[in-house]
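Q: Got a structure for you, written out below as structure tokens; questions coming shortly.
The values are calculated or read from the model by the stated rules, or taken from the named source; none is laboratory data. Note that the coordinates shown come from a computational prediction; the quantities given were computed from them, not determined experimentally. Neighbour counts run over all protein chains shown; Cβ positions are idealised from the backbone, glycine included. For accessibility, only protein heavy atoms count, side chains too; no ligands or nucleic acids. Shrake-Rupley method; radii C 1.70, N 1.55, O 1.52, S 1.80 Å.
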Amino acid sequence: MKRFKKLSLLLLIGVVFVSCSNDDDVQPFNEPILNNMEYGLGEKSNSGVSGEATFNQLESGSVQLILEVQGTSSGNMHPAHIHMNSAAEGGGIIVSLEPVDGATGLSITEFSSLDDGTAISFEDISDLDAYINVHLSSEALGTVVAQGDIGQNELTGESKSYDLDERAVEGISGSVLFEERMSGEALATLSLNGTPDGGMHPAHIHMNTAVEGGGIIYSFNPVNGTSGMSETHLGALDDGTAFGYADVLEVDGYVNVHLSSDALGTVVAQGDIGQNELTGESKSYTLNERAVPGISGTVLFEERVNGEAQATISLDGTPDGGSHPAHIHMNTAAEGGGILYTFTPVDGTTGMSKSNVAALNDDTAFGYADVLEVDGYVNVHLSSDALGTVVAQGDIGQNELTGESKSYTLNERAVPGISGTVLFEERVNGEAQATISLDGTPDGGSHPAHIHMNTAAEGGGILYTFTPVDGTTGMSKSNVAALNDDTAFGYADVLEVDGYVNVHLSSDALGTIVAQGDIGENELTGNSVTYTLDEADVTGISGSLLFEERVSGAALATISLSGTPDGGSHPAHIHENSAAMGGGILYTFTPVDGTTGMSQSQVEALDDGTVFGYEDVLTLDGYVNVHLSANDLATIVAQGDIGAND
């Protein structure tokens, strides 16, 4: 970076001294210096030589150029010149300078015109399209030991680096660095690791993103395989269109480095640049195994500077040589829906696919932010001829699962051996994925399933209809967003619903329940208390009464008796006071079925409407009577004290 120093003539009357870097002598100049500017001279050819070039404005109007370099040795003289163009471009000599004395590292030249006689002033230096070379010797002018851009080619300090990732040749990767010049143009430096000695690797900026591909718009100087380096001046595209540093930051492009001029089809390093650069923001979604065992993976969306996205599908288990179409579909996977966006097909050999996501298939703008909010899912298909076979699938956007879930048990009912669970998983949008998993369902069957209002012990109408359970797999997946009457109903509502789930034998046998379970506020907490019901007026009938606490604070009451006659129906009640004292009826249970000896009731209020739940049972001054029949309430078949009287 050049530095200007405005010096007062009043302070410089007399002798001005400029220090020399390689000895303790000083060189006197008897002419005042009005201004100066400095440029750096960087090491070249691994010479160990570097330093500064200082341009001084002399009072006479001439320009004085002092080269001060370190790393030279006594006895050597190093020719030096100002050349036209940038160092990356190269160009002819426009000013021949005094050679650098190896002993002092110093060269001092005073000039007021170029070598061709064109006048030049100090003010012209900052506008020069030029650079300085210091050479090894007059016999080795081809070896430059120090070099630096000057004038409009000086670097401003602003820069942007992009990664060049490994592609077809293992171990070759690096970066491309763009540095802004004072002119607004740029110095482009390609730096690669792993390139073979002696190779020359063509490199270009192409239009579009790397995953889309596109034509060449700019050609760099080839990368030297031995050094892995290339430096190029960037001022215009190959078609002559002006193209500088600011344009690099906005270009819709990418960089390819090729194996050789004879193997341009083999890309050894590649990276998106400009508006296609990745911001570092990303979102990954799981693609689960579906119709083909062993195939699963992820889809990764990475944000670009322009708001678009790079989508990378990565699958394990795909067969070599296969090509697997993939799409974003509308709705959730459980619901199904039409295609919104088509990815590049997944290569079966690598299991990979890369796509640029900028618009849906109907040309509606669709970028990274839209992915995060889309009501959609991803399908990867077996082949273009077998689109009906989905090998991997996953919900994305607002349908992604948050990780919050709640599972409820579905107990065996009318058909022995059928039981399982219903799992509700929260989505980002607050809806839920419901998965019913049953064991023991017959192959080929289809089992309707619903959420009903109230508890299973009470029964109630249908609130929500699930996708029927497939008897062969025992599975059903549904999206839970609204009840059958269109009332909004999501994951949070499931946790609070006064409801239960029924799975039916078939659509023609809805009266046969094969699995059932309370959900939401009716779920059992695990807290329970059991009371004994002793034999009373009828020999051989006795059992127990189980109260189980619900999340709501109510209770499920289960009476279990042995010895009841088939076909009978036995009224049962909670009475006040102890059995020894007797008392009036407080609460009426569902009658006990004589054939099963069972009764289940919802306990949340007494017969008079007083709130009465699980905690109230524990402190109640009461007892239970089970009667012979509704017509013979006087005959008690089982009895037991409960609550405080136990």
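Q: When region 596-628 is examined, which residues are found to be among the polar types (S, T, N, Q) and either open to solvent by 30 Å² or more (accessible area, probe 1.4 Å) or closer than 20 Å to residue 549 by Cβ (or both)? Don't jump to the end; show me each part of the working.
A: Taking region 596-628 and keeping what is among the polar types (S, T, N, Q), we get 596, 599-602, 610, 619, 625.
Those that are among the polar types (S, T, N, Q) and either open to solvent by 30 Å² or more (accessible area, probe 1.4 Å) or closer than 20 Å to residue 549 by Cβ (or both): 596, 599, 600, 601, 602, 610, 619.
Q: Within region 120-133, can you find the residues that are more than 17 Å from residue 231 (Cβ to Cβ) and either open to solvent by less than 10 Å² (accessible area, probe 1.4 Å) or part of a strand (DSSP E or B) (or both)? If you could, list the steps in order and put the result at the bottom.
A: At the first step, the residues of region 120-133 found to be more than 17 Å from residue 231 (Cβ to Cβ) are 120-128.
Listed by number, the list holds a single entry, 125.
Q: Can you name the strands (runs of 3 or more DSSP E) wholly within region 1-76 that have at least 3 residues being closer than 26 Å to residue 155 by Cβ and modelled with pLDDT of 95 or more? Quick ask: steps written out before the conclusion?
A: Numbers: elements: 16-19, 26-29, 33-43, 50-58, 63-70.
Qualifying strands (runs of 3 or more DSSP E): 33-43, 50-58, 63-70.
Q: Across region 565-582, what is the number of residues that are more than 60 Å from the chain's Cα centre (by Cα) and either part of a loop (DSSP other than H, G, I, E, B) or of a type in the set (Val, Ile, Thr) (or both)?
A: Residues meeting the conditions: 11.
Q: Report, by residue number, each residue of region 629-646 that is of a type in the set (Asp, Glu) and surrounded by fewer than 19 Cβ atoms within 10 Å (Cβ to Cβ). Give the derivation first.
A: Filtering region 629-646 for residues of a type in the set (Asp, Glu) gives 632, 641, 646.
Once the filter is applied, which keeps residues that are of a type in the set (Asp, Glu) and surrounded by fewer than 19 Cβ atoms within 10 Å (Cβ to Cβ), region 629-646 yields 632, 646.
Q: Just name the residue that is least open to solvent (accessible area, probe 1.4 Å) out of those in region 442-472 that are part of a strand (DSSP E or B) and of a type in the set (Gly, Ala, Ser).
A: Of region 442-472, the ones part of a strand (DSSP E or B) are 446-447, 449-453, 462-465, 469-470.
Now drop any that are not of a type in the set (Gly, Ala, Ser), which leaves 446, 449.
Numbers: 446: 66, 449: 1 Å².
Result: 449.
Q: Shifting gears a bit: Pairs, please: C-beta under 7 Å, at least 6 apart or cross-chain, first residue within 17 Å of residue 181 (Cβ to Cβ) and in region 118-132, second assigned to a loop (DSSP other than H, G, I, E, B) and open to solvent by 40 Å² or more (accessible area, probe 1.4 Å)?
A: Sorted first by the residue in region 118-132, then by its partner, the pairs are 127/152; 128/152; 129/85; 129/152.
Q: Exactly one of (1) at positive phi; (2) open to solvent by 60 Å² or more (accessible area, probe 1.4 Å) is unmet by residue 117. Its number?
A: Checking residue 117 against (1) at positive phi; (2) open to solvent by 60 Å² or more (accessible area, probe 1.4 Å), the one that fails is (2).
Q: For region 363-383, how many residues meet the condition of being open to solvent by 20 Å² or more (accessible area, probe 1.4 Å) and either touching a strand residue (DSSP E or B) at 6+ places or on another chain (Cβ under 7 Å) or not hydroxyl-bearing (Ser, Thr, Tyr) (or both)? Give the derivation first.
A: Quick first cut of region 363-383, residues open to solvent by 20 Å² or more (accessible area, probe 1.4 Å) only: 363-365, 369-370, 372-373, 375, 382-383.
Still in the running and either touching a strand residue (DSSP E or B) at 6+ places or on another chain (Cβ under 7 Å) or not hydroxyl-bearing (Ser, Thr, Tyr) (or both): 363, 365, 369-370, 372-373, 375, 382-383.
Here the count works out to 9.
Q: Among the residues of region 282-308 satisfying the criterion of being small (Gly, Ala, Ser), in contact with a Ser or Thr (Cβ under 9 Å, 6 or more places away or on another chain) and assigned to a strand (DSSP E or B), which is surrounded by the most Cβ atoms within 10 Å (Cβ to Cβ)?
A: Once the filter is applied, the top-ranked residue is 297.
Q: Here's another thing I want to ask about it. It is to be established whether one or more residues within region 325-343 are under 21 Å from residue 178 (Cβ atoms), of a type outside the set (D, E, K, R) and open to solvent by 20 Å² or more (accessible area, probe 1.4 Å).
A: Step one: of region 325-343, the residues under 21 Å from residue 178 (Cβ atoms) are none.
Scanning region 325-343 turns up no residue that is under 21 Å from residue 178 (Cβ atoms), of a type outside the set (D, E, K, R) and open to solvent by 20 Å² or more (accessible area, probe 1.4 Å).
Q: Working only within region 583-595, note down all residues that are part of a loop (DSSP other than H, G, I, E, B) and open to solvent by less than 20 Å² (accessible area, probe 1.4 Å).
A: Start the filter on region 583-595 by keeping residues that are part of a loop (DSSP other than H, G, I, E, B), which leaves 583-584, 589-591, 594-595.
Scanning region 583-595 gives 589, 594.
Q: From 38, 68, 59, 110, which residue is without any contact (Cβ under 8 Å) to a residue 60 or more places away in the chain and touching a Lys or Arg at 6+ places or on another chain (Cβ under 8 Å)?
A: Working: 68 fails: touching a Lys or Arg at 6+ places or on another chain (Cβ under 8 Å); 59 fails: touching a Lys or Arg at 6+ places or on another chain (Cβ under 8 Å); 110 fails: touching a Lys or Arg at 6+ places or on another chain (Cβ under 8 Å).
Only one candidate qualifies: 38.
Q: Still on this model: Please go through region 404-430 and give me each residue that is free of Cβ contacts under 8 Å to residues at least 40 places away in the same chain and out of contact with any strand residue (DSSP E or B) (no Cβ under 8 Å at 6 or more places or on another chain), ordered by number.
A: 416
Q: Next up: May I ask you to list pairs of residues, at least six apart or on different chains, whose Cβ atoms are under 7 Å apart, with the first in region 377-393 being polar (S, T, N, Q) and the second being assigned to a loop (DSSP other than H, G, I, E, B)?
A: From region 377-393, the pairs are 383/322; 384/325; 389/291; 389/382; 393/290; 393/333.
Q: Does residue 237 satisfy the condition of being under 21 Å from residue 202 (Cβ atoms) and either of a type in the set (Gly, Ala, Ser) or touching a His at 6+ places or on another chain (Cβ under 9 Å) (or both)? Steps first, answer last, please.
A: Numbers: under 21 Å from residue 202 (Cβ atoms): yes; either of a type in the set (Gly, Ala, Ser) or touching a His at 6+ places or on another chain (Cβ under 9 Å) (or both): no.
The answer is no for residue 237.
Q: Quick check on this structure: which one of 146, 103 is touching a residue at least 60 places away in the same chain (Cβ under 8 Å), touching a His at 6+ places or on another chain (Cβ under 9 Å) and of a type in the set (A, V, I, L, M)? If you could, list the steps in order and put the result at the bottom.
A: On the way: 103 fails: touching a His at 6+ places or on another chain (Cβ under 9 Å).
Result of the check over 146, 103: 146.
Q: Separate question: What strands (runs of 3 or more DSSP E) lie completely within region 175-247 and have 3 or more residues being touching a residue at least 24 places away in the same chain (Cβ under 8 Å) and open to solvent by 20 Å² or more (accessible area, probe 1.4 Å)? Give the steps one after another, and end with the answer.
A: Numbers: elements: 186-193, 203-207, 216-219, 229-234.
Counting at least 3 such residues, we get 229-234.
Q: Only residues in region 431-443 that are under 15 Å from residue 411 (Cα atoms) and at pLDDT 95 or above count as the first member; pair them with residues that are part of a loop (DSSP other than H, G, I, E, B) and open to solvent by 40 Å² or more (accessible area, probe 1.4 Å), Cβ under 7 angstrom, at least 6 apart or cross-chain, and list the lot.
A: Pairs found: 440/417.
Q: Among (1) buried (at least 16 other Cβ atoms within 10 Å of the Cβ); (2) within 18 Å of residue 514 (Cβ to Cβ), which single condition is residue 475 missing?
A: Of everything listed in (1) buried (at least 16 other Cβ atoms within 10 Å of the Cβ); (2) within 18 Å of residue 514 (Cβ to Cβ), residue 475 misses just condition (1).
Condition check ((1) among the aliphatic types (A, V, I, L, M); (2) open to solvent by 60 Å² or more (accessible area, probe 1.4 Å); (3) outside any strand (DSSP E or B)) across all residues:
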{"position": "387", "(1), (2), (3)": "yes, yes, yes"}
{"position": "391", "(1), (2), (3)": "yes, no, no"}
{"position": "409", "(1), (2), (3)": "no, yes, no"}
{"position": "414", "(1), (2), (3)": "yes, yes, yes"}
{"position": "417", "(1), (2), (3)": "no, no, yes"}
{"position": "421", "(1), (2), (3)": "no, no, no"}
{"position": "425", "(1), (2), (3)": "no, no, no"}
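Q: Here's something else I'd like to know. Can you tell me which residue in region 165-179 is nearest to residue 274 (Cα to Cα), limited to those that are hydrophobic (A, V, I, L, M, F, W, C) and within 26 Å of the chain's Cα centre (by Cα)?
A: Step one: list which residues in region 165-179 are hydrophobic (A, V, I, L, M, F, W, C), which gives 168-169, 172, 176-178.
The next check asks that each one be within 26 Å of the chain's Cα centre (by Cα); those that pass are 168, 176.
Values: 168: 23, 176: 12 Å.
That would be 176.
Q: Would you say residue 478 is in contact (Cβ under 8 Å) with a residue 24 or more places away in the chain, within 22 Å of residue 377 (Cα to Cα) and either in contact with a Pro (Cβ under 6 Å, 6 or more places away or on another chain) or not acidic (Asp, Glu) (or both)? Give the steps one after another, and end with the answer.
A: Values: in contact (Cβ under 8 Å) with a residue 24 or more places away in the chain: yes; within 22 Å of residue 377 (Cα to Cα): yes; either in contact with a Pro (Cβ under 6 Å, 6 or more places away or on another chain) or not acidic (Asp, Glu) (or both): yes.
Against the criterion (in contact (Cβ under 8 Å) with a residue 24 or more places away in the chain, within 22 Å of residue 377 (Cα to Cα) and either in contact with a Pro (Cβ under 6 Å, 6 or more places away or on another chain) or not acidic (Asp, Glu) (or both)), residue 478 qualifies.
Q: Please go through region 393-406 and give me each residue that is surrounded by 16 or more Cβ atoms within 10 Å (Cβ to Cβ) and either assigned to a loop (DSSP other than H, G, I, E, B) or of a type outside the set (Lys, Arg) (or both), ordered by number.
A: If we filter region 393-406 for residues that are surrounded by 16 or more Cβ atoms within 10 Å (Cβ to Cβ), which is where we start, we get 393-401, 406.
Hits for region 393-406 are 393, 394, 395, 396, 397, 398, 399, 400, 401.
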